[in-house]
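S.K.: My structure is below; once you've seen it, I'll send some questions.
The values are calculated or read from the model by the stated rules, or taken from the named source; none is laboratory data. All figures in this text were calculated on a predicted structure; none of them were measured in a lab. Every residue, glycine among them, receives a Cβ derived from its backbone with ideal geometry; neighbour counts consider all protein chains shown. Just so you know, the surface numbers come from the protein's heavy atoms only, side chains and all, with ligands and any DNA or RNA stripped out. Shrake-Rupley method; radii C 1.70, N 1.55, O 1.52, S 1.80 Å.
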Amino acid sequence: IFAIILALIVISCETKNEQTNDVESGLIEITKAQFVSEKMQIGEPMMHPFADAVSVTGNIVPSVDGKAQISLPLSGLINKIHCKPGQYIGRGGAIFEISGNELLDLQKDYAESSAIISRLKSEYLRTKELYLDKISTQKDLNLAESSYLAENAKLNSLKMKLANIGLDVTKIEKGEFYSNFTLKSPINGFVSGINATLGQYVEPQQIIAEIIDDKSFQLKLSVFEKDINKIRIGQTVEFNLNGSKSQNYQAIINSVGKNIQTDSKSIECYAIIGNNNNLNIVANQFIEGKVYTSVDSVISIPESAIINSENDSYILEYVKEDGDKFYFKKIKVKTGRKSDKYIELLEKLQSAKLLINGVYNIAIE
């Protein structure tokens, strides 16, 4: 029985991990069979780019010319609503149809002024001829001229008001009045809200609709005061939406704020989103990201080459190959930044070769 137990112990020891530590030389031995089965690799340190970044949060917002708040040029009643929230509308597209007494009064005043201006112009020209023939006085000429110019100014003002709401003034001069006018969109975009109902009487100062151009979306970033001196126009922003870090997008800083927001103690910066046609984004959507402030290349190794033990970091430096074994030496290293599964080495290695993959099962004690 004792002989059987002893044989089992020997067989068990032989089937264990083939890695051994040479106590006398201080080297770690790894058999070639283990090297292959653990998919180990020997490599060298390399130059890898590392970027310093400033963490930021922010929102998706339209540019200053990508948002329109719609109000009436004059008081009136809402006769028709030609759109609904979420609908796309092109520039010049109909939004509301408006009617009311103010519209009729404006046309009446224009038609009357148009008729008066013809008479005043004739009187002014006749008085001017009489003055040149020394029949009329300077006072008569001044009175005729001032009356004509005052009425002409009134006519031009009324004409501009009617043109702004899209009415043909030549028809109004003939007494053909419009019973309503159409309020049109000043930009391309989506209707984000309508604050009006049919039959509602609306004053000019009321905002009754809002249109946002999604092609103008940009990032509004909040940067803390301690980091603002690192931010420059042209720097790259890498951001994600809704806290999902599985998909990153890029933008470019195009504006750096010059004042601190009193509520958040941060500075607002703006960035242009790259290729936003492929993004499903909405106004005021929250984003998180990083602004890459500088990029440099330093000596680095893959993170898979690092063995961590009691707050220290080690690598296995290649020493030699002898028969069916590789020999490595444990070296303590100081590491720095991490980027794309690479880690910065803060000191130069004496040897150029080391084990860069498959170190996770190796005991270094």
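S.K.: For the chain, find the longest principal axis of its Cα atoms and tell me its angle to the long axis of helix 101-132, 0 to 90°, nearest 10.
M.R.: Around 60 degrees separate the two axes.
S.K.: How would the range 141-223 be classified by its alpha-carbon gyration tensor: rounded, prolate or oblate, with rounded meaning a/c under 1.5 and the a/b versus b/c comparison settling the rest?
M.R.: It comes out prolate by the Cα gyration axes.
S.K.: Here is a follow-up. With r as the distance between the Cβ atoms of Asp340 and Ser264 and R0 = 35 Å, compute the FRET efficiency 1/(1 + (r/R0)^6) and round to 0.05.
M.R.: 0.65
S.K.: Give, in nm to one decimal, the length gained when the segment between Lys39 and Glu310 is fully stretched (0.36 nm per residue of separation minus the Cα-Cα distance).
M.R.: Gain on extension, Lys39 to Glu310, equals 95.0 nm.
S.K.: Among the listed pairs Lys220/Lys338; Lys121/Lys184; Lys159/Lys215; Lys325/Lys348; Lys265/Lys341; Lys134/Lys159, which have their C-alpha atoms separated by more than 31 angstrom in this model?
M.R.: Checking Cα-Cα distances, Lys121/Lys184; Lys159/Lys215; Lys265/Lys341; Lys134/Lys159 exceed 31 Å.
S.K.: Dipole of the chain, Cα-centred, from +1 at each Lys and Arg C-beta and -1 at each Asp and Glu C-beta, to the nearest 20 debye?
M.R.: 1100
S.K.: As a test of the formula, what do you get for the chain when each DSSP H run with n ≥ 4 contributes -39,500 (n - 2.57) and the sum is divided by the residue count, at 222 nm and rounded to the nearest 500 deg cm²/dmol?
M.R.: -7500 deg cm²/dmol
S.K.: Using a 1.4 angstrom probe on heavy atoms only, work out the carbon and sulfur share of the accessible area of the chain in %.
M.R.: 50
S.K.: For the range 117-173 and the range 57-103, compute the distance between their C-alpha centroids and round to whole Å.
M.R.: If you average the Cα positions of each part, the centres end up 37 Å apart.
S.K.: What is the extension gain from Lys332 to Glu129, computed as 0.36 nm multiplied by their sequence separation minus the C-alpha to C-alpha distance, in nm to one decimal?
M.R.: Residue separation times 0.36 nm, minus the Cα-Cα distance, leaves 62.3 nm.
S.K.: Taking loop as defined by DSSP and a crowding limit of 14 other beta carbons within 10 Å, which GluC sites (Glu not before Pro) in the range 284-336 fit?
M.R.: The qualifying sites are Glu310.
S.K.: Looking at Ser300, Ile42, Thr262, which one has the Cα that reaches farthest to the positive end of the dipole of the chain (charges on Cβ: Lys, Arg +1; Asp, Glu -1)?
M.R.: Positive-end residue among those listed: Thr262.
S.K.: Relative to the present Cα-Cα distance, how much length would full extension add between Glu225 and Tyr360 at 0.36 nm per residue of separation?
M.R.: That works out to 44.4 nm of additional length.
S.K.: Sequence gap at least 6, Cα distance under 8 Å: using those rules, report the relative contact order of the chain to the nearest whole percent.
M.R.: 26
S.K.: Have a look at Tyr249, Tyr292, Tyr314 and tell me which one the Gaussian network model of the chain (Cα, springs below 10 Å) gives the largest fluctuation.
M.R.: Highest fluctuation of the listed residues: Tyr314.
S.K.: For the residue pair Ile207 and Gln285, what label-to-label distance in nm results when each label sits 7 Å from Cα along the Cα-to-beta-carbon direction?
M.R.: The answer from the label model is 2.2 nm.
S.K.: Still on this structure, I have one more. Which of the lysines could be linked to Lys128 by a straight reach, that is with a Cα gap under 23 Å, when you skip same-chain ones fewer than 8 residues away?
M.R.: Lys139, Lys154
S.K.: Quick check on the range 253-296: take the gyration tensor over C-alpha atoms, sort the square-rooted eigenvalues as a ≥ b ≥ c, and tell me if it's rounded (a/c under 1.5), prolate or oblate.
M.R.: It comes out oblate by the Cα gyration axes.
S.K.: Enter the accessible area per residue of the chain (Å², integer; probe 1.4 Å; all protein chains in place).
M.R.: Solvent-accessible surface per residue comes out at 60 Å².
S.K.: Same structure again: How high is the FRET efficiency from Asn195 to Ser157, r the C-beta distance, R0 45 Å, rounded to 0.05?
M.R.: 0.95
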